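Comments concern the structure below.
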Amino acid sequence: MISNGNLGSFPLHASAEKNRSDTILALLGSTGGIDVNLREPDKGQTALHIAAALNHVESVEALLSKGAKVDIQDKDGGIKTVFSLKSIQKLNP
């Protein structure tokens, strides 16, 4: 489910992969910022797909707070933004 690791030209995705919520917020808050729903070309994943797959709750929260959509399909046609029970419990105590 996770991208192939070649996310150097996709800083939002790389930040989600590394659970850098501070960087995510900075990237999305900058003038002319990055589209929160940008899909990387390999698998068509958004940063939210990656953060959710890795159970990076802080990054998921940051992306959702900036308007990330939870229903975007990847290239396989799947909606892969599926939060683990642990993530859901942390987001909705």
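Some observations on this one:
- Taken over the range 22-54, the criterion of being among the small types (Gly, Ala, Ser), part of a loop (DSSP other than H, G, I, E, B), open to solvent by less than 50 Å² (accessible area, probe 1.4 Å) and under 12 Å from PRO11 (Cβ atoms) is satisfied by GLY33 alone.
- Among all residues of the range 3-10, there is at least one that is open to solvent by 50 Å² or more (accessible area, probe 1.4 Å), out of contact with any helix residue (DSSP H, G or I) (no Cβ under 8 Å at 6 or more places or on another chain), at pLDDT below 90 and closer than 19 Å to GLY77 by Cα.
- The set of residues from the range 11-68 being under 9 Å from the mean Cα position of the chain (by Cα) and of a type in the set (Asp, Glu) comprises just one member, GLU17.
- Residue count for the range 29-70, restricted to those that are among the small types (Gly, Ala, Ser), out of contact with any His (no Cβ under 6 Å at 6 or more places or on another chain) and within 17 Å of LYS18 (Cα to Cα): 5.
- Yes/no for ALA62 being among the small types (Gly, Ala, Ser), at pLDDT 90 or above, buried (at least 22 other Cβ atoms within 10 Å of the Cβ) and in a helix (DSSP H, G or I): yes
The values are calculated or read from the model by the stated rules, or taken from the named source; none is laboratory data. No experiment lies behind these values; they were computed from the predicted model shown. For neighbour counting, all protein chains shown are included, and Cβ atoms are generated from backbone atoms with ideal geometry for every residue, glycine included. For accessibility, only protein heavy atoms count, side chains too; no ligands or nucleic acids. Shrake-Rupley method; radii C 1.70, N 1.55, O 1.52, S 1.80 Å.
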